[in-house]
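**Q** Pasting a structure below so you can have a look.
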Amino acid sequence: MAKKQGRRRHVPHRTCVACRTVRPKRELIRVVRTPEGEVAVDERGKQSGRGAYLCPQRTCWEQALRRRVLDRALKVSLDGETIAALRAYAEGLPERIELDEEDLAAKEEVDGREEE
């Protein structure tokens, strides 16, 4: 039997915990709290544990650490050493990335649902 042409593959989306932008999962960086209680950057997105997603831009990381958004999302209190390690990782990221039209449309869609 032939495959149907034109069928699009499902792409999972996640929300950045800092800026609340919805993006494809592969475009975001996952921070995970492992079952042992350690917090680390999960670049492959496969590590077991509770995860939170952040945009690959420094502003989101700084906002998440400053406002304690990661603490809430991961349900853990981050210590100074962990915060320093996450800030060091964020230093290698660009300051900002531009949203394309698809990202803006997805963000507006989510914002519209939250207002209802």
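**Q** Of everything in the range 22-41, what is surrounded by fewer than 20 Cβ atoms within 10 Å (Cβ to Cβ) and part of a loop (DSSP other than H, G, I, E, B)? Give them in sequence order.
**A** Within the range 22-41, T34, P35, E36, G37, E38 qualify.
**Q** Just one of (1) free of Cβ contacts under 8 Å to residues at least 40 places away in the same chain; (2) touching a Cys at 6+ places or on another chain (Cβ under 6 Å) trips up G51, so point out which.
**A** Single failed check for G51: (2).
**Q** Taking G45 as the residue in question, decide whether it is touching a strand residue (DSSP E or B) at 6+ places or on another chain (Cβ under 6 Å), at positive phi, at pLDDT 95 or above and surrounded by 14 or more Cβ atoms within 10 Å (Cβ to Cβ).
**A** So G45 fails the test.
**Q** Can you find a residue in the range 56-76 that is surrounded by fewer than 15 Cβ atoms within 10 Å (Cβ to Cβ), free of Cβ contacts under 8 Å to residues at least 24 places away in the same chain and touching a helix residue (DSSP H, G or I) at 6+ places or on another chain (Cβ under 8 Å)?
**A** Checked against the condition, which is being surrounded by fewer than 15 Cβ atoms within 10 Å (Cβ to Cβ), free of Cβ contacts under 8 Å to residues at least 24 places away in the same chain and touching a helix residue (DSSP H, G or I) at 6+ places or on another chain (Cβ under 8 Å), the range 56-76 yields no hits at all.
The values are calculated or read from the model by the stated rules, or taken from the named source; none is laboratory data. As the structure is a computational prediction, the values presented were derived from the model and not from experiment. So basically every Cβ, Gly included, is an ideal-geometry build from the backbone, and we count neighbours across all protein chains shown.
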